[in-house]
Each structure stands twice: as C-alpha cells, then as structure tokens.
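Heads up, the thing below is written out as structure tokens.
The values are calculated or read from the model by the stated rules, or taken from the named source; none is laboratory data. In this text the structure is predicted, and so the values were computed from the model without any measurement. Cβ atoms come from the backbone with ideal geometry, glycine included; neighbour counts cover every protein chain shown.
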Amino acid sequence: MKLSLSLLFLFATTILLAQNPEKKQITVKGTILEVGTNYPLEYSTVSFINKQGKTVTGGITDIEGKYSIDIPAGVYTVKYEFISYKSKEVPNQNLTKNTTLPDVRLALDAASLDEVVVRAENTEVQIRLDKKIYNIGKDLTAGGATVSDALNNVPSVTVDVDGTIALRGNDNVKILINGKPSAIAGFGSTDALRQLPAEAIERVEVITSPSARYDAEGTAGILNIILKKEKTLGLNGSISTSIGVPLNSSASGNINLRTDKFNIFNTTGVYYRNSPGKAYFNNKYFSRPLLDDNGDPVLDDNGDPIMIDPQFDQVIENRKYNRMGKGFNTNLGIEYFLSDESSITASGFYRKGDGNDETTNNTSNYNNNTVEEQITRVENQDEDDSNYQFSLNYVNNFNEKGHKLTADLQYDRGKDRERSLIIQQRTLPNFEVLPAEDIISKENQKEYLAQVDYVLPIGENAQFEAGYRGNLEETKTDYTLLQEMGTTGNFVKNDSLSNIFTYDENVHAFYSQYGNKFGDFSFLLGLRVENTQLKGKVDAENVSEDTPLNLNFDKNYTGLFPTVNLTFELKENENITLGYNRRINRPRHWFINPFPSRSSEANVFQGNPGLDPAYASAFDLGYLKRWKKLTLTTSIYYQHETDAFERVQQETGELTSNGIPVIRTLPINLSTNERYGFELGLLYNPTKWLNLNGSFNYFLFKTEGFYNDIDYGAENTSYFGRFSSKVKLPAKIEWQTNAFYRGPSNNSQTESDGILSVDMAMSKDIMDDNGTLGLNVSDLFNTRKRNSLTTTDYFTSESEFQWRQRQVTLTFTYRFNQKKQRQRPDRGGGVDDGGFEG
C-alpha cells in the first residue's frame, strides 16, 4: 500500500511539473497526530488542491507522522486523510516559500468503524524529550515467556538470574504499569512480573531522564510498561497456549469489543510451571576476635584482641530448588466514550498464585580439608498470594490542540502467606534427627492512589502542565517462628524473633512543567515537590529494653525535584538531547524491618530501621541519527547519589547450634555513589527479510563510605551488550536469535563473574495466517548463572546460583478478527502518554 501510494503521487507530481515548468518549487513539511493521544498517524495522506478543485500533488506520512512534500508555489487547500478518521481541510494556504505547517490532529470517525488500518509490526525506538519508547513488536522469544523475560530484551535493561531488574546496571528502578504504581508490578517487588504473560505488553517506555510529571522515586529511572488494551475495531481477540520442558504450561486469551460508544476489553491467563534451580556456597572461616555484649573486641592484658578459632574452617553448601507454581490472572475493563472528546474507563485486575517450593541444602563442615560433619536441611514452603486492583480513569480532550484533563483513582490490595517447614538431620559422624522449625509469614499490603493531570497548550508550540498525585501505602508483616523442642514434635513460639511489623509510606506530590519549541530547539522545564512520611511500628512480645534498634519510627521528608530536558534537531532525522533530574530512593519495608529472616541457619538478612532515603542528581546527553535502514542512538550519563544503599556482610558474634558463625547481611547508608556510563544502540534493517538489533552499555560505579570503621569504598567497572537478529524464511517461517552478555562486576566486598545467555526461536504462520506455531529455547547453552566471591577479614564466600535451567517451549496462537500486525493507535484514556513531546 505504501509503495503504491508513493508511486502514484510521484507519477502525478511528475506530470504536473512537466505542465507547469515555470512555477517555483518549494518544500512543505508537517506532522499528523491523533486527537487526544498525540500518537503519530503513519501512512496518512496529504493532498494539495488548487483553486480549480484539482489535486496538484500530495504525499504520505512516515512512521513519526511527518511529511515533506515538494510542490509548485501557489495557493492551496490542504487536505489531510487517514482511513477510519475524519478528514480535515485547511483552505487558502498561500505557500510561496519553504514552509512547516502547524501540527494537524485527526479524530476517529464513528461512521467508519468497520474499516481497519494496520501498520507493519516491528521493534522500533521513538525518542521523546523525557524518554525512549520501545515498541516490542513481534519478539519470537516471548512465546510462553513472562513480562520479566521480555524486559530482558529491552535496551538499557537487564534482568538478573534472581529476577532483579536493573536500568543501566542500577537496580533502583521504579516500575509503573500504564503510568501508575500497580499491584500488577507487585508493589515494588518484581515477583509478580514473572507471573504475567509477555503477550500482554504493548510497549515499554525507558525513562532515564523523567520529567516532573513522573514519580521522583527510582534513582536509576523509570520503566513504564504499557499493556495492550485495544486491538482493532469491532469484536476481536486471540488465544495462546504453550507447553515446555521443564514443565512450563500456560494459556492466555484476550477479547475486545469496540463500538462508537464503548470499548470492552479482557485479558485472562493461567499457568502451571516448574522452575528447577541450584546453588553452591563455599565459605572459609578464619580466626576472629572475641566480642563482648556491645559487639566490641575483648582485649588481653597486652591490649591485643583475643582471637578465637572457628569450630569449622570451611563449610560447603549444595542447594537444589524445585519450584512448582500455578496461577490465574485476569484484567477486565470498559471504556465508555462520553463524547468524541471525553471518556471514562473502569477496570479491575485480579491475580492469584499458589506455589510449593522444596529446597534441599546439603552442608558439609570441614577442618583441615577433612569432612567432620554433614547435615541435610529440607525446607518445604507453601505460598498463597493474591492481588486485586480497581481503577477509574477520566479523560477530557477539550480541543484538538492537546488541551486535556485526566483524573485517576486506584485501589490495590495484596495478600501473601508463606509457611515453611524446615527439617534437619545429621548424617555424619552419626545419624541424628535435629530439631525442626515451622515459619509462618503473612504479608498484607494495600495502596490508595489519586492523581490529576492538566495539560494546557499555549500558542502553537508551547505547553503547560500541572498535577497532583497522592500515594498511600501500608504493609503489615506477621512473622512467626515455631521451634521444635528436641525431636518431640512439640513446637514452641520463639518470642525473640516472632513479631508483627507495620510499615506506612505516604507520598503527596505536586508538579508543574512548561515546554516550548523555537525552531529546531525544544525544552521542557519542571519542578516536583514531594512530601514523604515513613512510619514503622513493631509488635513483639520479648524485646530487650536496651536493644540498640529503633523499633518504632516516624520520619517526614519534603524534597524539591527539578527536571530539565532539552532537544536540538540538527536535521529532520538527527537530534541531540540533554536531561537533568533529581531523584529519591526510599527504602522498602524489607530493608527496614529490624527482625532477621533466615535463608539458612548461618545466613540471615536483617533490615535497618535507621536507613534514610538516598538522593541522586543525574545528567544524560543523548544523540539520535536515522538513516533509511539504520537508526543509531547513543548517550553518556553521570549520576551523583548521597546516602546510597549498600548491603554489607558481617559476623554477628553468634554461633549456630553446631558452632558455625552466623553471618548477617545488613543494608546501610554509605556517603556517596557516583556512576558514569556510555550506551549505544543500533537498529539495522538491510533487507525486508533481515532485521538486526544491537546495544552496548558501559558503566563505572564509584562508592565511598565507612561503616563501623571499615572502609567500604569500591570501584565497579562493568558492561553489558545484547544482539538480536530476525530472519524471514520461505514458507512463512521466521527465525530469531538473541544473545546477551554482562561483564564481570564488583562492589566493596563481592566480585561477580560475567554471564552469557543465548535464546533462539522460530515461528510459522498457519491456518491462513490466523494461527502461529512457535518454538523457542531459553538459555540455549545453560550458562545463565551468577558466580561470585565475597571477601572479608574473617571469612570468604564463593558461590554459584542458577535460578532456572535451560527451557524449551512450544506455543500456539490463534487470532480471530484480528490481524497479525499491530493495529491503529489507541483512541486514548487511561494511558500515560508522557505529555509534551516537543
């Protein structure tokens, strides 16, 4: 269609020019957008009609909705058209020199709802003043995968083997769903993203320099995941099923019914999967000082610390994980169009998951390279979690120029119950059943959100925005530890560790920002004010009065967060961007809970109630260049963070029942953390049958700080790169290969080796292109493992961890009344579009 239109207009233009050789040729440029969303309308037509009513020439818009057409100088009526949209005519345009016409916005034509317009589906990048938008398109490796897996294919983003999401190597990332905090993202935990199908994603916005309209939370930036809501007009949908080895089965479906007055949408999925994993720990212990009740070294008569030898100088742990999980999720909503300019959307989301995890830990205790004791520890954990969310969204587009008001109300509720029965037995030097433990943890979360955003265009290129967001969150953790009395089968509650911890985080924010464009220069200036209240309360039956921990706290912070985003267009397809923003990193509730949780008898994690928020200032200088078949994006960035969080490992001075020192992991505030980085991305489509995509990110982290007179300063230089190729073969077969490598890294205590991962996939269209069969292999070479070495004065710990082994998945997708290509843009309502785009 695109080629035919182009040849037609080229032919018509050639004839007209031949008939009017005496007229001066000029170039007319402009942009066509959708009303309300400001989404570019690709393949729109632009016609220039003379006074006699004849079409002199015309053209079509590109992927960004832009057009550039050469015409003879004269007076014209300019006509803009796009299938399914109301056409628009602008009469009496006296075009005598090169001109850029004002942006034109077209509205959906209710009388043309039976017509459908499609755009080719591919992975592309769009640059805005405050973000990069990656339209994921048809990623073959996403078949049967989760949202967490799909994020690992987005440039600048990495997902660690344990599910930790990082942006440019920094894991303090704020995850938003459709522009708002959501139970779908798990209230800050990324576990929920492992349960949602990747097919639910429309696009991912990587916001490394957020404008003032976004939360100031997340020193690395923001990942805004936009979920699919609308496919096409009328009734349509799709069903997708998958089966894999190790067991990975799922089924999901979506259905959409759209008329001129309402849009009903639903996405529902179920899954049942097994995720086997393993881990290895080799801990070596050295002589350490004897500590008194205050944690200070005990000195001898000469003033030297009294040193004690460990009962075992080496402990090796081999762990095997067998994780079985099943779950259900559904999202149901209705968008009602009050008028052509306004709509209201109500939606509900529900997710329920059940898991049964068995962890077998075989421990061998050595002295002088001789095994003196062996213990087997089996932990059976049952987990039952659920989340539900209700949201209401109102949108009013006052006019076609972008004058807009949106309002959101949202309520989230999450429940998570875990019960772990830990059974231990000694097998060497003699067989002995050891006391068991029964741990019950209940976590309840609820969150209220209210948000209002107002956008006011000023003149042709300027825009003012203002808004408010209130986010009230409460997390209540009920932790109970029951310990067996000998091997009698009778369990007694440990009142020293059992507790109820309630954590409240209330954030109120106001923002305003102003953007304008002067020729090739655009800017967006903003200021956000956030007030944060952090409250913690502990209910425990047996807490020492002289405990050094501040169990109950109430902290209040007010901060100013300015943002600056600048863009200079060197050419139509080339620009430079510069961004500055100030961010905050608030400690999550598990970082503050002062009561320890145990991953094993000798390894505990303990929160720090004295932890304060960290603040960061970041600069980002970017460059974009587009050629016909190649797109280049690159940037350099710098961040300076104060009171940065760091996890440190230290001895507690306590011993296990068999004399092994207990090691504690504790989050602390260090003084400064500086980050320097460079990233490069390439999208290359040399032919219609080959797409290549690559990115590279290099960064340096520099930390300075002391804790308990120990210098935790460190420098970490690392990098990661990814490459993806997609080949279209005969017989409607496509082949895709993704490769990812993250280089070695280190912090003040731990060095980690590099990680290589390769995924391969293929697909074939069947059933007259309504169905697709897909086969993909995740982690082809089974190398996605984290190997690290931790070194302190009194022990070293060498470890290897693999969350999930190589996996093969077969998928089948069937579509009804739904084309394989990505459809026309959303009409609007409920999706955060990022505001001023310059």
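All of (1) surrounded by 19 or more Cβ atoms within 10 Å (Cβ to Cβ); (2) modelled with pLDDT of 85 or more; (3) more than 18 Å from Val147 (Cα to Cα); (4) among the basic types (Lys, Arg) hold for Lys231 with one exception: (2). One residue is enough: does the stretch 183-198 have a residue meeting the conditions at pLDDT 80 or above, assigned to a strand (DSSP E or B) and in contact with a helix residue (DSSP H, G or I) (Cβ under 9 Å, 6 or more places away or on another chain)? Checked the stretch 183-198: no residue is at pLDDT 80 or above, assigned to a strand (DSSP E or B) and in contact with a helix residue (DSSP H, G or I) (Cβ under 9 Å, 6 or more places away or on another chain). Which pairs do you get when a residue that is on the phi > 0 side of the Ramachandran plot, found in the stretch 728-739, comes within reach of a residue that is in a strand (DSSP E or B) and of a type in the set (Asp, Glu), reach meaning Cβ atoms under 8 angstrom, with the pair 6+ apart or on two chains? From the stretch 728-739, the pairs are Lys732/Asp765. Whether any residue in the stretch 295-314 is surrounded by fewer than 13 Cβ atoms within 10 Å (Cβ to Cβ), touching a strand residue (DSSP E or B) at 6+ places or on another chain (Cβ under 9 Å), in the same structural domain as Glu379 (by TED's automatic domain parsing) and among the small types (Gly, Ala, Ser) is what I want to check. Yes, the stretch 295-314 contains at least one residue that is surrounded by fewer than 13 Cβ atoms within 10 Å (Cβ to Cβ), touching a strand residue (DSSP E or B) at 6+ places or on another chain (Cβ under 9 Å), in the same structural domain as Glu379 (by TED's automatic domain parsing) and among the small types (Gly, Ala, Ser).
Exactly one residue out of Tyr468, Tyr448 is surrounded by fewer than 16 Cβ atoms within 10 Å (Cβ to Cβ), without any contact (Cβ under 8 Å) to a residue 40 or more places away in the chain and either among the aromatic types (Phe, Trp, Tyr) or assigned to a strand (DSSP E or B) (or both): that is Tyr448. Being closer than 26 Å to Pro246 by Cβ, outside any loop (DSSP other than H, G, I, E, B) and of a type in the set (Phe, Trp, Tyr) holds for only one residue in Tyr272, Tyr350, Tyr336, and it is Tyr272. The single condition from (1) acidic (Asp, Glu); (2) touching a residue at least 24 places away in the same chain (Cβ under 8 Å); (3) under 30 Å from Glu641 (Cα atoms) that Asp709 fails is (2). Taking the criterion of being surrounded by fewer than 21 Cβ atoms within 10 Å (Cβ to Cβ) and small (Gly, Ala, Ser), the residues of the stretch 403-423 that qualify are Ala407, Ser420. Could you give every pair whose Cβ atoms fall below 7 Å, whose first residue belongs to the stretch 94-106 and is touching a residue at least 40 places away in the same chain (Cβ under 8 Å), and whose second residue is assigned to a strand (DSSP E or B) and among the polar types (S, T, N, Q), counting only separations of at least 6 or pairs across chains? Here the result reads Asn98/Thr27; Asp103/Thr31, each pair linking the stretch 94-106 to a residue that is assigned to a strand (DSSP E or B) and among the polar types (S, T, N, Q).
Tell me which residues, restricted to the stretch 771-822, are small (Gly, Ala, Ser) and touching a Leu at 6+ places or on another chain (Cβ under 9 Å). Of everything in the stretch 771-822, those that are small (Gly, Ala, Ser) and touching a Leu at 6+ places or on another chain (Cβ under 9 Å) turn out to be Gly774, Ser797, Ser799. Scanning the stretch 477-487 for residues that are among the acidic types (Asp, Glu) and surrounded by fewer than 17 Cβ atoms within 10 Å (Cβ to Cβ) gives a single hit, Asp478.
The sole residue among Asn490, Asn494, Asn552 that is over 30 Å from Pro435 (Cα atoms) and surrounded by fewer than 16 Cβ atoms within 10 Å (Cβ to Cβ) is Asn552.
Considering only the stretch 256-269, I want to know if a residue exists there that is at pLDDT below 90, surrounded by fewer than 17 Cβ atoms within 10 Å (Cβ to Cβ), of a type in the set (D, E, K, R) and over 26 Å from the mean Cα position of the chain (by Cα). The answer is yes; a qualifying residue exists. Does Asp149 satisfy the criteria of being under 40 Å from the mean Cα position of the chain (by Cα), surrounded by fewer than 17 Cβ atoms within 10 Å (Cβ to Cβ) and at pLDDT below 80? No: the conditions fail for Asp149. Checked across the stretch 346-368, the condition of being out of contact with any Lys or Arg (no Cβ under 6 Å at 6 or more places or on another chain), surrounded by fewer than 16 Cβ atoms within 10 Å (Cβ to Cβ), touching a residue at least 12 places away in the same chain (Cβ under 8 Å) and among the acidic types (Asp, Glu) holds for at least one residue. Residue count for the stretch 652-703 satisfying the condition of being of a type in the set (D, E, K, R) and either at pLDDT below 85 or farther than 30 Å from His640 by Cβ (or both): 3. Could you please find all residues in the stretch 582-609 being under 12 Å from Leu534 (Cβ atoms) and touching a strand residue (DSSP E or B) at 6+ places or on another chain (Cβ under 8 Å)? Listed by number, the residues that qualify are Ile584, Arg586, Pro587, His589, Phe591, Ile592, Pro609. Can you say whether Glu484 is of a type in the set (Asp, Glu), assigned by TED's automatic domain parsing to the domain that holds Asp408 and within 26 Å of Ile423 (Cβ to Cβ), as far as the supplied structure shows? It is true that Glu484 is of a type in the set (Asp, Glu), assigned by TED's automatic domain parsing to the domain that holds Asp408 and within 26 Å of Ile423 (Cβ to Cβ).
So how many residues does the stretch 756-787 have that are surrounded by fewer than 18 Cβ atoms within 10 Å (Cβ to Cβ) and small (Gly, Ala, Ser)? Residues flagged as surrounded by fewer than 18 Cβ atoms within 10 Å (Cβ to Cβ) and small (Gly, Ala, Ser) within the stretch 756-787 amount to 1. Quick one: in the stretch 687-711, of everything that is touching a strand residue (DSSP E or B) at 6+ places or on another chain (Cβ under 6 Å) and not in a strand (DSSP E or B), which residue is surrounded by the fewest Cβ atoms within 10 Å (Cβ to Cβ)? Residue satisfying both the conditions and the ranking: Trp689.
Every residue, every condition in (1) in the same structural domain as Lys517 (by TED's automatic domain parsing); (2) closer than 30 Å to Arg722 by Cα; (3) among the hydrophobic types (A, V, I, L, M, F, W, C), yes or no:
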| position | (1), (2), (3) |
| --- | --- |
| Glu574 | yes, yes, no |
| Arg586 | yes, no, no |
| Phe605 | yes, no, yes |
| Asn608 | yes, no, no |
| Asp612 | yes, no, no |
| Thr631 | yes, yes, no |
| Asp643 | yes, no, no |
| Gly677 | yes, yes, no |
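Listed by first and then second residue, the pairs linking a residue in the stretch 410-439 that is free of Cβ contacts under 8 Å to residues at least 24 places away in the same chain and of a type outside the set (Gly, Ala, Ser) to a residue that is surrounded by 15 or more Cβ atoms within 10 Å (Cβ to Cβ) and part of a strand (DSSP E or B), with Cβ atoms under 9 Å apart and 6 or more places separating them unless they lie on different chains, are Phe431/Gln425; Glu432/Gln425; Glu432/Arg426. Here the stretch 721-746 is the region considered, the condition is being of a type outside the set (Phe, Trp, Tyr) and surrounded by 19 or more Cβ atoms within 10 Å (Cβ to Cβ), and the residue that is farthest from the chain's Cα centre (by Cα) is Glu734.
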